Every structure is written in C-alpha cells, then in structure tokens.
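Shown next, in structure tokens, is the structure this report addresses.
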Amino acid sequence: MGAPTMLVTYEGVSTLRTRSCRDGLEATRRFVRAVAGEAAAGDLSGELALGDGARVDATFAARALAAMTTNGFAAARVRTITASTREHRFVVPGPELSRAAALVDSLAPIPTAGPVSPAARLDLSIKPLVLVDEQGRPWPRQSTRAFGRTPYDGYGRMLGVSQTYARLSTKTTLSVFLNLPDEDEPSRAAWVARIARVTPLAFSRTGWKRWHRATSGTWIAKKIAPAQVG
C-alpha cells in the first residue's frame, strides 16, 4: 500500500443534551463505542476536576474537595490557573468512572469556575482514538508517521490520529478530532451518517477539511461541506 495522498478531518465541539454527569458518561461511551469499538469504550479513564477562586463559593469548594479527597481517588495534583484560581485533579481509573460521575452529581447545584466550565466535573481524554468501520475493523494508515508527523493546530495534534475530550458535569461538552485516511476505504459519507445516527454527537457543518499532499510533500487543507466527505 503506497503513501496516502488524501485525508479528511473533522474538528468540532458539541454540547450534548445531558443533565447529569452520569448521563454524560454514558453518552461519551456511546460515541467512543460507535467510532472506535467496544474495547475502546471499556478502556476509558479520567480525572475529577475541581476549580476554585473568586467565582466559586468557598463553602461549595470546601464540600466538593472533601468529597473528592475522602472517596479513595488518587491524590490531587493542583494546577494554578490564575493568581487567584487553582484546579485540583484526582485520577479516576476506568472501573471507577461511574462512581466518580455519581459523586459529581451529588454536588449539584454546581457553579461555574469560568465563563463556561463547571467548577466540579469529570474529564475524559481519549488519544489516540483508533477509528473502526461498521464491522469493527480499524481504518488503515492511522498514524502520524503516515502523514509526515504534520501538526495541524496549535495544540500539538498531528494529522493521521484521532482524539476526543469530554467534560462531564451538569452539562457535557464533547471535543472531537477525527482523521479519516485512505481514499480506498468504504464511503466516508456513509460512515459519518452512521455515527450521526447512533451517537448523541451533532457534527458541525463547518468542521470538515480535505487535505491533499502537494508535490513539495507538504499537506494542504481546504474546508469542505459535509456532503463532500465521501
């Protein structure tokens, strides 16, 4: 199989129609199961996150921190956001995700620690996300090496590998970065239609790009409409 000459990518952030952390966890699992298979959905892990600072009531912050500290999760690491805001993070292994989600729900109502971020939440990060077809077979050429280790944004992401991030709380946001390589695979349009049908994700119409390899060897992107994905 020769070097790839074309790639379709999708980048988008969706706010899912969920009202609890537990609902958000199940919705995220449904998405991962659809795009990457059952094994990937069962191999998730995450972190409990608690933000404090001027926007968050001190009584809530103390109650939430005590709940996270006494529930047996790995010790917190503290990250400084601003001079007056910190974020405490606790590691949550896969078997404990449901318990962590129930803990977040028990803290409701949950204030925001910033313009949109809930002060208490469960974060999931899945990278790389190995995409599979409807029969559960991996798409070929899912590697950064196949595409020359080419960065395509300012966050260290590279062409050829898919990722997703989820923030689960009283609302859930799902950030998705899909890479669909190889022009010989079954229709991308059919694959995307299936994902849209069986998951809670709403694809943005503006999130699609087609990448072509130039004669110089560099990769060049052009935005495309969803109908041109296949």
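The values are calculated or read from the model by the stated rules, or taken from the named source; none is laboratory data. Keep in mind that this is a model prediction, so the values were computed, not measured. Cβ coordinates were reconstructed from backbone atoms using ideal geometry, including for glycine residues, and neighbour counts include every protein chain displayed.
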Checking the conditions here, which among Gly37, Gly24, Gly46 is of a type outside the set (Asp, Glu) and at positive phi? Gly37
Within the stretch 77-105, the residues that are in contact with a helix residue (DSSP H, G or I) (Cβ under 7 Å, 6 or more places away or on another chain), over 20 Å from Ile126 (Cα atoms) and small (Gly, Ala, Ser) are Ala102
Anything in the stretch 30-46 that is surrounded by fewer than 20 Cβ atoms within 10 Å (Cβ to Cβ) and either basic (Lys, Arg) or over 18 Å from Val198 (Cα atoms) (or both)? List them, or say none. Arg30, Arg33, Asp43, Leu44, Ser45
Does Ala166 satisfy the criteria of being in a strand (DSSP E or B) and either out of contact with any Asp or Glu (no Cβ under 6 Å at 6 or more places or on another chain) or farther than 23 Å from His88 by Cβ (or both)? yes
Which of the residues that make up the stretch 83-134 are out of contact with any strand residue (DSSP E or B) (no Cβ under 7 Å at 6 or more places or on another chain) and among the β-branched types (Val, Ile, Thr)? Val116
Those residues of the stretch 201-228 which are among the aliphatic types (A, V, I, L, M), touching a residue at least 12 places away in the same chain (Cβ under 8 Å) and in contact with a strand residue (DSSP E or B) (Cβ under 6 Å, 6 or more places away or on another chain) amount to Leu201, Ala202, Ala221, Ile224
Filter the stretch 103-139 down to residues that are modelled with pLDDT of 90 or more, surrounded by 15 or more Cβ atoms within 10 Å (Cβ to Cβ), among the aliphatic types (A, V, I, L, M) and out of contact with any Asp or Glu (no Cβ under 8 Å at 6 or more places or on another chain), then give me how many there are. 10
Let me spell it out: the conditions are (1) on the phi < 0 side of the Ramachandran plot; (2) at pLDDT below 90; (3) surrounded by fewer than 21 Cβ atoms within 10 Å (Cβ to Cβ), and Gly53 meets all of them except one. Which number is the exception? (1)
Ala221 passes all but one of the listed conditions (1) farther than 15 Å from Leu16 by Cβ; (2) part of a loop (DSSP other than H, G, I, E, B); (3) modelled with pLDDT of 85 or more; (4) among the small types (Gly, Ala, Ser); the exception is number (2)
Per the filter on the stretch 1-26, residues of a type outside the set (S, T, N, Q) and either farther than 19 Å from Ala166 by Cα or part of a strand (DSSP E or B) (or both) are Met1, Gly2, Ala3, Pro4, Met6, Leu7, Val8, Tyr10, Glu11, Gly12, Val13, Leu16
Take residues that are free of Cβ contacts under 8 Å to residues at least 24 places away in the same chain and of a type outside the set (A, V, I, L, M) and tell me which of the strands (runs of 3 or more DSSP E) falling wholly in the stretch 32-145 contain 2 or more. 77-82
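Considering each of Ala225, Ala214, Ala190 in turn, give the residue that is of a type in the set (Gly, Ala, Ser) and surrounded by 12 or more Cβ atoms within 10 Å (Cβ to Cβ). Show your work before the answer.
Numbers: Ala225 fails: surrounded by 12 or more Cβ atoms within 10 Å (Cβ to Cβ); Ala214 fails: surrounded by 12 or more Cβ atoms within 10 Å (Cβ to Cβ).
Sole residue among the options that is of a type in the set (Gly, Ala, Ser) and surrounded by 12 or more Cβ atoms within 10 Å (Cβ to Cβ): Ala190.
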